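> Pasting in a structure now, in C-alpha cells, and then I'll have a few things to ask.
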Amino acid sequence: MTQGGKENSGDNMALKGLTGCIRILLHNVKTKGVICANITKRSDCWTCRVGAKRHILSENVIKLQEFQEKKLAVAHQIYGGKEEYFQKLNQKLQKKELILKDELKLLLHLCETPDDVDTARNAIYRYHEENFNVAFGEFKFGPLFMRLCYELGMEEIAANTIKDKTLRGFFSDSTSFNLAMDMLFMKGYYDSALEVLITMRDLGVPFNTETVTVAFAICYKLNTPRSYKICTALLEEAQIKGQRVHRQAYCFLVALALKQNDLARAESVYTQIMNPENQICQNLKVLILAQSGAMNDVLSILASALMPNSSPFVKKPEFSHEVADALRAQAAEKAPLRERVERALARLQQNGQVTALGLDAMLCHTPSRRRRPAGLLQERGRSSSRRTFRPLQSTLLLE
C-alpha cells in the first residue's frame, strides 16, 4: 500500500472512530433524559439564562420569501379555489385513495392555517405509505413542509413530524433537518433542536456546512459538558472530512470553550478562524487574552481600536459591555492595571465603541443574504461567445 493509501486508511479509521464517539455522545444524551419528550424551552446568554432568539441560517437556505411567492402564484392558478381542492383531497384521504406527487405538492403550497397543515400531514403520511420504497427522484417534499411550518410558526409540528419513525425516508435531505433545528433554535427550544440533530445522525442524513453551524449554536446555548463534547467531536469530524466550517461556527465553539473554562481549546480553535477581523472575533480575542493574563496585549488592542486618524467612513471596532465588564473584573485586584483599563474603556465609551449589545446577540446574529453582482451572474450565465456566437465551450477550445 502506498503512503497516500495508508494516510487515507488512517483517516477513514479515525473518522469511523470519531463517528462512533459522536453516536455514543448523542445516545447518552437521549438515554440519560437530557432530552424531554415534550419541547423544553431553554435560553442562555453569556452570563444568564435569557438570550437572543434569532435564526442562524441565511435566507439563501431558508428561502422563505421564495416559498411565499410560489404560494401566491399557485393560489392564483388553482382551478375552483382552495376550499374545493381541500374538500376533494379530504375525500381521497377518507377513502384511502392514492395521493399523487403533484397533488401533494399543490396542497403544501395552498396551506394557510394550522388546520390546513394538519390535512397536509395526513396527506404526507398517506403518500409515504404508498411510496416509501419508491425513489422520489430529485424533488424533495421535506424542505417544502418545513418552510410551511416555518412560515406559520409551527415548530412543534415540524419537530414531531421529522422525528416520526413511520416517515423514515421521507425527510432524507439535510435542508429539512437544518430548517427544523433553526426553527427550534429561534424559539429557544434547544433541547428539542438537539433531539432533531440526534434523529438526523441516526437516519444517516449527511451533515453539511449549515448543519454544523446550527449544531454548534445549539451546543453553545445548552452550555453543558456533554454538549461541549458533542461540539468538539463534530468539529473534528468535519475537519477529517475536509468539510468547510463557517467562521460563525468556530466562534460558537470558542465562546462555548470559554464558558466551559477550557482556555487552551478556545485559543486553539480561534487560531483556525480564517479572517478573524469581524466584531465578534475581536471581542472573543480580547476575552481569550484577558483570561490568559495577557492584559498588555488587551490594552494594545483597545488603543488601536480608537483609531484617531481613521476615516469617518470606516466603521470603528466595537466591544460588548460584557467584555468591558470582564476586563474590569480581570484588573480589579491590580491598581495600576485597573487604572489603565478604566482609562481605555472610558475613551472607547466616549467614542461610542462600547455597545450595549451582548456577546450572545453578536454570536446569534442573522446572516445577511449573499448576493452576487448582476454582471457576474450574467457573465456566469453566458453559454455563447460574444465574439463568434459559438457555444462557449467549443469557442474556448478553438482559441
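> Give Ser385, Ser320 a once-over and let me know the one that is surrounded by 14 or more Cβ atoms within 10 Å (Cβ to Cβ) and at pLDDT below 65.
Answer to the selection: Ser385.
> Pick out the one residue from Arg244, Arg226 that is of a type outside the set (A, V, I, L, M), surrounded by fewer than 20 Cβ atoms within 10 Å (Cβ to Cβ) and under 16 Å from the mean Cα position of the chain (by Cα).
After ruling out the rest, the residue left standing is Arg244.
> A further question follows. Return the residue satisfying two criteria in turn: it lies in the stretch 181-200 and is closer than 21 Å to Ala361 by Cα and among the hydrophobic types (A, V, I, L, M, F, W, C), and of such residues it is surrounded by the fewest Cβ atoms within 10 Å (Cβ to Cβ).
Looking at residues that are closer than 21 Å to Ala361 by Cα and among the hydrophobic types (A, V, I, L, M, F, W, C), I get Met186.
> Is the stretch 243-255 home to any residue that is among the basic types (Lys, Arg) and either more than 20 Å from Met362 (Cβ to Cβ) or in a loop (DSSP other than H, G, I, E, B) (or both)?
yes
> Hey, another quick one. I'm trying to understand the selection: among the residues of the stretch 290-321, which are closer than 13 Å to Ala344 by Cβ, not in a loop (DSSP other than H, G, I, E, B) and not hydrophobic (A, V, I, L, M, F, W, C)?
Asn296, Asp297, Ser300, Ser304 - these are the residues of the stretch 290-321 that are closer than 13 Å to Ala344 by Cβ, not in a loop (DSSP other than H, G, I, E, B) and not hydrophobic (A, V, I, L, M, F, W, C).
> Report, ordered by the first and then the second residue, all pairs with beta carbons closer than 6 Å, sequence separation of six or more or different chains, a first member in the stretch 224-243 that is in contact (Cβ under 8 Å) with a residue 24 or more places away in the chain and within 20 Å of Asp262 (Cα to Cα), and a second member that is aromatic (Phe, Trp, Tyr) and surrounded by 18 or more Cβ atoms within 10 Å (Cβ to Cβ).
Listed pairs, sorted by first residue: Cys231/Phe216.
> Also: Does Ala180 satisfy the criteria of being closer than 15 Å to Leu144 by Cβ and without any contact (Cβ under 8 Å) to a residue 40 or more places away in the chain?
Yes.
> Counting only residues that are more than 19 Å from Ile124 (Cβ to Cβ) and acidic (Asp, Glu), which one in the stretch 165-208 is nearest to the chain's Cα centre (by Cα)?
Asp182
The values are calculated or read from the model by the stated rules, or taken from the named source; none is laboratory data. Keep in mind that this is a model prediction, so the values were computed, not measured. Glycine gets a Cβ as well: all are built from the backbone with ideal geometry, and neighbour counts include every protein chain shown.
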